[in-house]
Each structure stands twice: as structure tokens, then as C-alpha cells.
Amino acid sequence: MRVTLLGTGDTTGTPTVGCDCETCELARKRDLERTRFSVHVENERGGTSLLIDFSPDFRRQFLREEVPLPDAAVVTHIHFDHLDGLGNTFRLLDSLSVYAADETDPMTGESVAETVASKYDYLGLLSVEPTTPFEPVRICGLEVTLVPVEHPPQVCYGLAIEDPETGAKLSITGDTNYAISERSREVLADPDLLLADAIVPAHLCEYHPAGGKHDDSDGVPRTFGGKHMTREGALALADELNADRTRLVHVAHYYPADEAFEEPLAVDGETYTI
Ligand SMILES: [Zn+2]
Ligand SMILES: [Zn+2]
Ligand SMILES: [Zn+2]
């Protein structure tokens, strides 16, 4: 499978509109971009494409990377930066299957699948496929398994995507703090490529009103506030999952400029064949 990182930024992206911080200025100077989160997965054997999340930057991402339009998609959760690009499919696609979890979110009283269906009913092209976490489904010839992760107060899902013929495996953490359950970790384990939420480096936790959480044995927080992993948390998770290769995504412009474009932080447009 061919994996294209369409969007590797957090909800404001890098550069952030109206921001003249050193990181945003450096991104402009080097022509680097981290748009809102989305991943394109192409099953080259079948010539079909699966999109993970609908970035508000959908149009720009598809023009820039020239990847095929999706045959199916997965929505991890209903935050703006992962869902609100769905309307871009209007007049581009005649039909689209969208897979999303079927568990009721106590916050909204609806599952992610139900929210997607009600919010985008007017498009008339979606068939929403309510999907049970931990139960693999076959999409575009690939085996996709949703797993609950920790993004309080809302439900959110990571996923494993495996090629049943080659055994290649892509794992995506989704938006999450470090405290992913053991059961979910088992599904995400041993990927060829891991895309892990790493919104900021741990040293920025002192600026978050909720601070950091899930400290390691050296007192380094692996969770920023409550909703996302720190860089250190994401790298610790990668280690525990035994990932062959890791790219850090959902990256904010708050990384100091001298850290923001260091390995293994991803930027838009990276491609991997696994
Ligand atoms: Zn900035
Ligand atoms: Zn989110
Ligand atoms: Zn997000």
C-alpha cells in the first residue's frame, strides 16, 4: 500500500493564519506545510483509495499531491479538523462509503457514524457504514480495524490497516493521549509504519492550564493537557508498539523553530510504500 500524508498539522495548521512566530516564519521560508490531518492510503493492487479523515484542507491537499479521489473513507472523530472537509466531496464524487464507529458518545448522545450521517445528509452521496470497534472490516481490499483511544471528553478512534496479501501494516493513533488501553494497543502493535499524534514537545506542558499527565520514570509528561500525546509520549508509544518506522503527526506550530522540522516529525506530502 502507498501511504501519502496529506495533512500533518493540528487544528490551526502550520503556518497558522496571522501568526509570525519563528516556526511559522521558517515554514513559510522553507515552503513547508502542515495542513489539517488526513492520510491517503492507496491499494496499488486494486487501484482503490481509502481516505482517513476529511481535512478542511481537502481541496488543497488533493490538488497538491495529485492522489486519486477516495473510493471509501474512515472518520476517526467529529472534531472540525478531521470531519469538516467532507463537504468538499460534493460534485467530485457520485457516491462514497464512509466508515465510522457505531458506539454512542456520551457527550453527544450519538455515535460518530450517526453524526456524520446527520450532518452531511444533504450531500446525498454518502453511505455511512456504522463500524464496530475491534471488528476488522474489508475496505478497498484492506483489513481495517477501529480501536478506541483517549481524547476526552469525546470518543475518538485509532486504526490499524493491514494488507491481507502482503501483511503490510499501517497504524494510526488518532487524536489521543498516552493512556491508550492495552486492548487497543494490541491491535495497533507491530506496524511497518506508525502515525502518532505528537502535538507538542513535553517541555511545553508547563504552558497548558492542565499541565502534563502520564509522566515517565524521569518525570517527563507523555500527555499534553488531557487530549494529545507529547512528542516524548508518542515516541514512547512507538517503542512499546514495536513500530518499524514512526512519523509524528498532528503537530502544532508551538514546537520551537529549532525542533519543529527535526526527525521524526512529519510534514505534508511525505509518501511511504509498505
Ligand atoms: Zn506560529
Ligand atoms: Zn480531536
Ligand atoms: Zn485533531
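Scanning region 1-30 for residues that are farther than 19 Å from Glu65 by Cα and away from ligand 2 (no atom under 16 Å from the Cβ) gives Thr16, Val17, Gly18, Cys19, Asp20, Cys21, Glu22, Thr23, Cys24, Glu25, Leu26, Lys29.
Tallying residues that are closer than 19 Å to Ala198 by Cβ and over 20 Å from the mean Cα position of the chain (by Cα) within region 23-52 yields 4.
Any chance region 112-120 includes a residue that's away from ligand 1 (no atom under 16 Å from the Cβ) and in contact (Cβ under 8 Å) with a residue 60 or more places away in the chain? No - not one qualifying residue is present in region 112-120. Kindly indicate whether any position in region 245-265 is open to solvent by 40 Å² or more (accessible area, probe 1.4 Å), of a type outside the set (Gly, Ala, Ser), part of a loop (DSSP other than H, G, I, E, B) and closer than 21 Å to Val41 by Cβ. Yes. Taking region 208-252 as the range and being in contact with a Gly (Cβ under 7 Å, 6 or more places away or on another chain) and free of Cβ contacts under 8 Å to residues at least 24 places away in the same chain as the test, the residues that pass are His208, Ala210, Pro221. Checked against (1) more than 16 Å from ligand 2 (Cβ to nearest atom); (2) among the charged types (D, E, K, R); (3) out of contact with any helix residue (DSSP H, G or I) (no Cβ under 9 Å at 6 or more places or on another chain), Glu33 passes all but a single condition, namely (3).
Here Arg30 does not qualify as within 16 Å of His250 (Cβ to Cβ) and open to solvent by 10 Å² or more (accessible area, probe 1.4 Å).
When Arg64 is tested against (1) basic (Lys, Arg); (2) under 13 Å from the mean Cα position of the chain (by Cα); (3) open to solvent by 10 Å² or more (accessible area, probe 1.4 Å), only condition (2) is not met. Annotation for region 60-72: at least one member residue is more than 27 Å from Asp192 (Cα to Cα), away from ligand 1 (no atom under 16 Å from the Cβ), part of a helix (DSSP H, G or I) and without any contact (Cβ under 8 Å) to a residue 12 or more places away in the chain.
Of all residues in region 213-240, those satisfying the criterion of being over 20 Å from the mean Cα position of the chain (by Cα) and either open to solvent by 30 Å² or more (accessible area, probe 1.4 Å) or closer than 30 Å to Glu143 by Cβ (or both) are Lys213, His214, Asp215, Asp216, Ser217, Asp218, Gly219, Val220. Taking the criterion of being surrounded by 18 or more Cβ atoms within 10 Å (Cβ to Cβ) and in a helix (DSSP H, G or I), the residues of region 79-115 that qualify are Asp81, His82, Leu83, Leu86, Asn88, Thr89, Val112, Ala113, Glu114, Thr115. When Leu195 is tested against the conditions (1) open to solvent by 20 Å² or more (accessible area, probe 1.4 Å); (2) part of a strand (DSSP E or B), the lone failure is (1). Please enumerate the residues belonging to region 113-171 that are of a type in the set (Gly, Ala, Ser) and at pLDDT 95 or above. Matches in region 113-171: Ala113, Ala117, Ser118, Ser127, Gly141, Gly158, Ala160, Gly167, Ala168, Ser171.
Here Val74 meets each of (1) within 16 Å of ligand 2 (Cβ to nearest atom); (2) open to solvent by 10 Å² or more (accessible area, probe 1.4 Å); (3) of a type in the set (A, V, I, L, M) with one exception, condition (2).
The values are calculated or read from the model by the stated rules, or taken from the named source; none is laboratory data. Model, not experiment: these values are computed from the prediction. Cβ coordinates were reconstructed from backbone atoms using ideal geometry, including for glycine residues, and neighbour counts include every protein chain displayed. For accessibility, only protein heavy atoms count, side chains too; no ligands or nucleic acids. Shrake-Rupley method; radii C 1.70, N 1.55, O 1.52, S 1.80 Å.
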